[in-house]
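Before any comments, here is the structure.
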Amino acid sequence: SRCLQFSLKQIPPQQIRERLVEVLAAESVPTDAASVVLVARAAEGSLRDALSLLDQAIAHGGGKLDVESTRAMLGAVDQTYLHSILQALVAQDGAALVVEAERMAERSLSFESALQDLATLLHRVALAQVVPQSISDDDPDAAMLHRLAADFAPEDVQLYYQIAVQGRADVGLAPD
């Protein structure tokens, strides 16, 4: 009996998000959709972790759930940086990429987290390209994802995704 092992399957983020919305409504906690998405993604398939993170985010936000305090609590990178990076890639503007990297460094943002979030964003862009209906209309990033899906060639999305994933593995080797 001491060696019981449970092989639990991960719950999709959409299902976690729906459950969190139910809990927030039942508890009458003021919230926004983007915060719920952040918590659901950070839970990595675990509803128990999602509920724990939700509780922490509410406490961190002073009794409400808002995107700025949730992002700060999770240590998540502000998506506007990632959107700016992708827009600079669309425009093939290397100088703008350097400026965004410097802005992130000035705010002491984690480049490893940024690369992880960038890979996730690029994965979602690829999904929007191949299966547009996979992006739900109530997703706060839906319009941006569809716009980026139209702006990039699928091969470029795959290349940038691979760079982000490999960059995350190599970030410890960077000179600064």
Glu100 vs. criteria acidic (Asp, Glu) and crowded, with 17+ Cβ neighbours inside 10 Å: yes
Just to check your reading of the model, which residue among Ser84, Ser35, Ser110 is touching a residue at least 24 places away in the same chain (Cβ under 8 Å), among the hydroxyl-bearing types (Ser, Thr, Tyr) and over 22 Å from Gln10 (Cα atoms)? Ser110
Ser7 vs (1) touching a Leu at 6+ places or on another chain (Cβ under 9 Å); (2) exposed (fewer than 10 other Cβ atoms within 10 Å of the Cβ): all pass except (1)
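Return yes or no: is Asp32 farther than 18 Å from Pro140 by Cα and of a type in the set (Asp, Glu)?
Working: farther than 18 Å from Pro140 by Cα: no; of a type in the set (Asp, Glu): yes.
When the stated conditions are applied, Asp32 does not pass them.
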Identify the single condition in (1) modelled with pLDDT under 90; (2) more than 20 Å from His123 (Cα to Cα); (3) surrounded by fewer than 18 Cβ atoms within 10 Å (Cβ to Cβ) that Gln14 does not satisfy, given that it satisfies every other one. (2)
Taking Gln79 as meeting all but one of (1) touching a residue at least 60 places away in the same chain (Cβ under 8 Å); (2) open to solvent by 40 Å² or more (accessible area, probe 1.4 Å), write down the number of the exception. (2)
Single condition Gly172 does not satisfy, out of (1) at pLDDT below 85; (2) under 14 Å from the mean Cα position of the chain (by Cα); (3) assigned to a helix (DSSP H, G or I): (2)
If you check every pair at least six apart or on different chains, which have Cβ atoms under 9 Å apart with a residue in the range 142-171 that is within 17 Å of Val130 (Cβ to Cβ) first and a residue that is surrounded by 16 or more Cβ atoms within 10 Å (Cβ to Cβ) and of a type in the set (Asp, Glu) second? Leu145/Asp139
List pairs: first in the range 126-137 and touching a residue at least 12 places away in the same chain (Cβ under 8 Å) and open to solvent by less than 70 Å² (accessible area, probe 1.4 Å), second part of a loop (DSSP other than H, G, I, E, B) and among the aromatic types (Phe, Trp, Tyr), Cβ under 8 Å, 6+ apart or cross-chain? Gln129/Phe152
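The values are calculated or read from the model by the stated rules, or taken from the named source; none is laboratory data. Note that the coordinates shown come from a computational prediction; the quantities given were computed from them, not determined experimentally. Quick reminder, even Gly has a Cβ in these numbers, built from the backbone with ideal geometry, and neighbours come from all protein chains shown. Protein only, heavy atoms only, side chains kept; ligands, DNA and RNA dropped before computing areas. Shrake-Rupley method; radii C 1.70, N 1.55, O 1.52, S 1.80 Å.
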